[in-house]
Amino acid sequence: MNKSAYLDAMGITSWRVRDSKSCAYQVIWDEGGELPNAEPLIDSVLGLIGVTRDQCEFTCEPRRGKQIVWDLRRHKVRPRTAWLVSEPLASLLGSSAAKRALWQQIWQWQAQQTHNHQQPKAV
């Protein structure tokens, strides 16, 4: 029995993103990768990179024309264009090493953004 059918049978509604037509960013994860108890983690990570959940489309397949801000798939696919690449949510919730690796990426991303904004503009 797949996870969605199991949750439906228990009367638990799955978390779904609102209308994705206006979303400029994507968060990519494996099918069935959404975990309702991970929402605080998702909000924290997105907030640290200056993105809100409402600005993101959560999907299993990348779509052209949208920036991938976080790749949570178990098997990563090249080219890697995501701002952040981490273990799937279940691994992040259970592994301090996976969280540490993600926070390191966030710190590097923030440092790069700060550096890019401090560069003098060529005249």
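The values are calculated or read from the model by the stated rules, or taken from the named source; none is laboratory data. Given the structure is predicted, the values throughout are model-derived calculations rather than measurements. SASA here: full protein model, heavy atoms, side chains in, ligands and nucleic acids out. Shrake-Rupley method; radii C 1.70, N 1.55, O 1.52, S 1.80 Å.
Which whole-Hz couplings ³J(HN,Hα) result when phi for each residue of the range 26-35 is put into the Karplus expression 6.51 cos²θ - 1.76 cosθ + 1.60, θ = phi - 60°, listed in order with x for Gly and Pro?
10, 10, 9, 9, 5, 4, x, x, 6, 10
With all protein chains present and a 1.4 Å probe, how do Glu87, Glu57, Glu39 order by accessible area, largest first? Mind showing how you got there, number by number?
On the way: Glu87 90, Glu57 15, Glu39 50 Å².
Solvent-accessible surface, decreasing: Glu87, Glu39, Glu57.
Using the Karplus equation 6.51 cos²θ - 1.76 cosθ + 1.60 (θ = phi - 60°), what ³J(HN,Hα) coupling, rounded to whole Hz, does each residue of the range 82-96 give in order, writing x for Gly and Pro?
Here the 3J(HN,Hα) series is 6, 5, 10, 10, 9, 5, x, 3, 4, 5, 4, 5, x, 10, 5 Hz.
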